[in-house]
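K.L.:
I am attaching a structure below and will ask some questions about it afterwards.
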Amino acid sequence: MNVLVIGSGGREHALCWKIAQSPKVDKVYVAPGNAGTAIDAVNVPIKETDFEALIQFAKRNDVGLTVVGPEVPLTLGIVDAFEKEGLRIFGPNAQAAQMEGSKTFCKKILQSGKVPTASYAEFTDADNAIYWLRTGGDAAAVVKADGLAAGKGVIVCANRQEAIDAVRRISEDREFGDAGRRFIIEDLLVGQEASVLAITDGKTIMTLQPAQDHKAAYNGDTGPNTGGMGAYCPASLVDDDLLHKIESNILVPTVHALNRAGTPFRGVLYAGLMITSSGPMVLEYNARFGDPECQPLLMRLKTDLVEVMEATIDQRLDQLEPLAWDDRPAVCLVMASEGYPGSVKKKGFPISGLDEAGKMEGVKVFHAGTAMKDGAVVNNGGRVLGVTALGGTVAEAKKLAYEAAGKIHWEGAWYRDDIADKEINRR
Ligand code: AMP
Ligand code: GLY
């Protein structure tokens with residue numbers, strides 16, 4: 001069977017790499033891909049939102065399974081468009097993808113399933129929201145644009161004045177465009193964050209091992225928010241007991257509430273959780289694999305991912321064996337370009353050391369913002385590489401990932417020094 005992966009980031013490189021290992025798969029195509037996916041798959045120069053061209057490509061190249069990486073094509077209805085043409089595709093349809101595409105949709109599902117999450121109020125009008133804030137207390141709050149904002153539409157505020165400023169930025173200045181036409185204000189939750197991803201066919205839930213992302217740009221979780229500067233898996237913050245609790249109190253009622261709402265979910269349901277002193281609570285749901293969480297997760301997953309994806313489409317996940325995992329933990333370290341998470345002005349620098357790093361035992365260098373120029377791999381975006389390593393312990397995996405990253409150079413490259421330290425210090 002031929003498989004088509006949609007997207008161009010580190011997550012999609014990891015998907016290509018893992019899918020290519022399946023005995024069921026002949027050829028892996030990726031649209032549009034990057035310089036790294038070209039090694040593990042065949043790049044196809046079609047944009048991830050050009051559904052018509054993607055459908056034509058899938059038909060002409062005998063693609064038996066399409067796998068969608070990012071959220072934008074999902075919320076725009078790529079799954080609906082492919083299914084209408086009788087093509088098999090892994091991911092939620094546009095309605096179910098609203099779990100990520102609309103914070104208010106997600107909150108309503110969570111309320112209907114009595115899933116623990118911060119209490120909130122919904123607004124379309126800045127004046128109403130500011131009045132509401134002024135008549136409430138001076139507590140910390142979180143203001144969130146309703147729509148997709150590339151992970152940036154969330155403003156954590158220490159007090160009422162900051163919240164009022166955030167409302168103005170989202171609703172009046174439209175800092176996140178139309179995503180801010182509607183917005184919510186919710187209570188601040190305190191604790192440690194964890195990512196628990198599950199694959200579901202709407203009836204059965206296969207929970208993946210817990211992971212932890214590092215969203216802040218700089219060491220010690222300081223600096224601006226990013227798409228994620230590194231991740232590790234498993235995260236002992238979520239032990240077996242807690243994982244069961246998350247399944248029964250969060251994932252199961254969410255999947256049921258989605259069914260009751262007439263929006264059954266098939267695909268990856270990614271719960272962004274805050275582990276608070278009163279238990280795990282949902283910060284957000286995503287409708288896809290996390291990036292970079294996907295990289296360490298797939299390094300450890302032994303089960304054939306294609307089999308799981310096909311069973312999801314056919315709603316027979318209940319017939320599969322439990323997922324099998326490599327016992328070794330994995331750490332993914334993101335190497336970024338100068339300027340990230342702001343705008344990256346310096347692109348096109350040759351990247352050296354990729355082969356040397358990639359040859360190290362237990363290491364895989366996943367590409368994100370890379371391209372080919374004059375026969376060389378160059379940086380072409382903010383997050384450039386996800387250097388991922390397996391180790392006997394998290395500390396060993398971290399050491400190996402940093403050793404590998406140390407061999408890789410381009411002008412302006414940087415990364416955090418403390419990926420996975422939270423885990424190492426917890427032990
Ligand atoms: P989200 O896109 O909703 O996950 O928000 C992005 C980040 O904002 C999360 O990873 C948290 O660090 C933070 N955040 C979101 N909602 C809350 C909340 N209610 N309390 C505390 N932090 C939050
Ligand atoms: N790593 C966070 C995300 O994929 O949304």
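Only the coordinates and a few stated rules stand behind these numbers; no lab work does. This is a predicted model, so every value here is computed, not measured. Every residue, glycine as well, gets a Cβ built from its backbone with ideal geometry; the counts of neighbours run over all protein chains shown.
K.L.:
Would you work out which of 1, 132, 315 lies farthest towards the positive end of the dipole of the chain? Charges go on Cβ: Lys and Arg +1, Asp and Glu -1.
P.N.:
Checking the options against the dipole of the chain, the answer is 132.
K.L.:
Let me know the shape class of the range 1-62, please: from the alpha-carbon gyration tensor, a ≥ b ≥ c as square roots of the eigenvalues, rounded when a/c is under 1.5, otherwise prolate if a/b is greater than b/c, or oblate.
P.N.:
Oblate is the answer for the range 1-62, as a/c is 1.5 or above yet b/c matches or exceeds a/b.
K.L.:
Could you work out the relative contact order of the range 254-402, using alpha carbon pairs under 8 angstrom and six or more residues apart, expressed as a whole percent?
P.N.:
Contact order relative to length: 21 percent.
K.L.:
While we're on this one: Okay, which of the range 110-124 sit inside 17 Å, backbone N to the point 7 Å along the Cα-Cβ direction of residue 260?
P.N.:
Residues 110-117 fall inside that zone.
K.L.:
Hey, another quick one. Report ³J(HN,Hα) in whole Hz for each residue of the range 285-292, in order, from the Karplus equation J = 6.51 cos²θ - 1.76 cosθ + 1.60 where θ = phi - 60°; Gly and Pro get x.
P.N.:
Each residue's phi maps through the Karplus curve to give 10, 10, 10, 6, 5, x, 10, x Hz.
K.L.:
Would you mind calculating the gained length between residue 225 and residue 1 on full extension (0.36 nm times residue separation, minus the Cα-Cα distance), in nm to one decimal?
P.N.:
76.7 nm
K.L.:
Amide H of residue 330 versus every other amide H placed in the peptide plane: which residues, excluding those fewer than 5 positions away on the same chain, fall under 5 Å?
P.N.:
233
K.L.:
Sticking with this structure for a sec: Skipping prolines and chain starts, which residues have an amide H placed within reach, meaning under 5 Å, of the one on residue 29, given they are 5 or more residues away or on another chain?
P.N.:
Distant-sequence amide H within range of residue 29: 3, 4, 5, 42.
K.L.:
Between residue 346 and residue 218, what FRET efficiency follows from the Cβ-Cβ distance if R0 is 25 Å, with the result rounded to 0.05?
P.N.:
After rounding, the FRET efficiency stands at 0.85.
K.L.:
If you don't mind, another one. Take peptides 300-306, 221-227, 386-392 and line them up by average Cβ neighbours within 10 Å, highest first, as a rough protection proxy.
P.N.:
Taking the mean over residues of other Cβ atoms within 10 Å, the ranking is 386-392, 300-306, 221-227.
K.L.:
Another question, then. Report the gain in length on full extension from residue 21 to residue 39: 0.36 nm times residue separation, minus Cα-Cα distance, nm rounded to one decimal.
P.N.:
Value of the extension gain: 5.2 nm.
K.L.:
Which ³J(HN,Hα) values in Hz, rounded to whole numbers, follow from the phi angles of the range 69-80 under the Karplus curve 6.51 cos²θ - 1.76 cosθ + 1.60, where θ = phi - 60° and Gly and Pro get x?
P.N.:
x, x, 6, 4, x, 5, 5, 7, x, 5, 5, 4
K.L.:
For the range 59-129, what is the charge dipole size about the Cα centre, in debye to the nearest 20, if Lys and Arg each add +1 at the Cβ and Asp and Glu each add -1 at the Cβ? Provide the component values of the computation, followed by the final result.
P.N.:
Values: 8 positive and 9 negative charges, 56 e Å.
For this selection, approximately 280 debye.
K.L.:
Residue by residue through the range 354-363, what is 3J(HN,Hα) from phi via Karplus (6.51 cos²θ - 1.76 cosθ + 1.60, θ = phi - 60°)? Round to whole Hz and write x for glycine and proline.
P.N.:
Result, rounded to whole Hz: 4, 5, 4, 5, x, 7, 5, 4, x, 10.
K.L.:
Taking amide H positions as placed 1.01 Å from N in the peptide plane, with prolines and chain starts having none, which residues 5 or more places from residue 283, or on another chain, fall under 5 Å of its amide H?
P.N.:
Result for residue 283 returns 272, 273, 274.
K.L.:
Continuing with this model, one more query. Mind jotting down the distance between the C-alpha centroids of the range 160-201 and the range 94-128, whole Å?
P.N.:
11
K.L.:
Residues in the range 189-203, backbone N under 20 Å from the label point at residue 319 (7 Å along the Cα-to-beta-carbon vector): list them, ranges by number please.
P.N.:
Under cut-off, by backbone N: 199-203.
K.L.:
Is there a quick way to get the dipole size of the range 338-402? I mean about its Cα centre, with the Cβ of Lys and Arg at +1 and of Asp and Glu at -1; what is the value in debye to the nearest 20?
P.N.:
Around 260 debye, computed over the range 338-402.
K.L.:
In the range 364-397, which residues have a backbone nitrogen under 12 Å from the label point lying 7 Å from residue 326's Cα in the Cα-to-Cβ direction?
P.N.:
364-365, 388-393, 397
K.L.:
Roughly how many Å is it from the Cα centre of the range 404-426 to that of the range 364-401, as a whole number?
P.N.:
A separation of 10 Å, based on Cα centres.
K.L.:
Tell me whether the range 336-380 comes out rounded, prolate or oblate; compute the Cα gyration tensor, take square roots of the eigenvalues as a ≥ b ≥ c, and use a/c under 1.5 as the rounded threshold.
P.N.:
oblate
K.L.:
Are there GluC sites (Glu not before Pro) in the range 315-400 that DSSP marks as loop and that have at most 10 other Cβ atoms within 10 Å, and which are they?
P.N.:
361
K.L.:
Could you tell me the relative contact order of the chain? Use alpha-carbon pairs under 8 Å, at least six residues apart, and round to a whole percent.
P.N.:
16
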